[in-house]
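Below is one structure, written out as structure tokens; comments come after it.
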Amino acid sequence: MRTVLFAALRNVPRELTEAAMIDGAGTWARFRHVTLPMISAALFFVVIVDTIAALQMFDQVYTMYFGTSQAQQTSGDAALFYVVYLFQQGFQYLHMGYASALAWLLFAVIAVITFVQIKVGDRLVHYE
């Protein structure tokens, strides 16, 4: 995601920043009134994608806490994220129907959160 933000920063027209500087805007004012609105679409994209990725976090948690039988015995349920629980229900306990229902619930939660982010983003995102 750093590359998306870096590309957005490089896309900010130098003329706008220079015009704000000539008008007497300081560093913070230039960032707040010129740079931030120009990169708001990229920030919006990054926030949505990172929110979805955070809700679907599985591999790091499973590798750290549930990867080996020794780690599973010591960790208990301390790191039992929703997606890890979904995986356990489906593939360890073979409760496929329940795991499918959990997956659909995760999809619905992600869809609602994304919808709210898009509605809020309509007011905050500046498109050229």
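No value in this document is a laboratory result; all are computed from the given coordinates. Owing to the predicted nature of the structure, the values given are computational and were not obtained by experimental measurement.
Structure notes:
- For the chain, alpha-carbon Rg over 2.2 N^0.38 Å: 1.55
- Highest-fluctuation residue, Leu36, Leu102, Leu94 considered, GNM on the chain with Cα pairs under 10 Å: Leu94
- Long hydrophobic helices in the chain: the complete DSSP H runs spanning 24 Å or more by Cα along their own axis with mean Kyte-Doolittle hydropathy of at least 0.5 are 96-124.
- Length gained on full extension, Arg32 to Asp77: 11.8 nm, using 0.36 nm per residue less the C-alpha separation.
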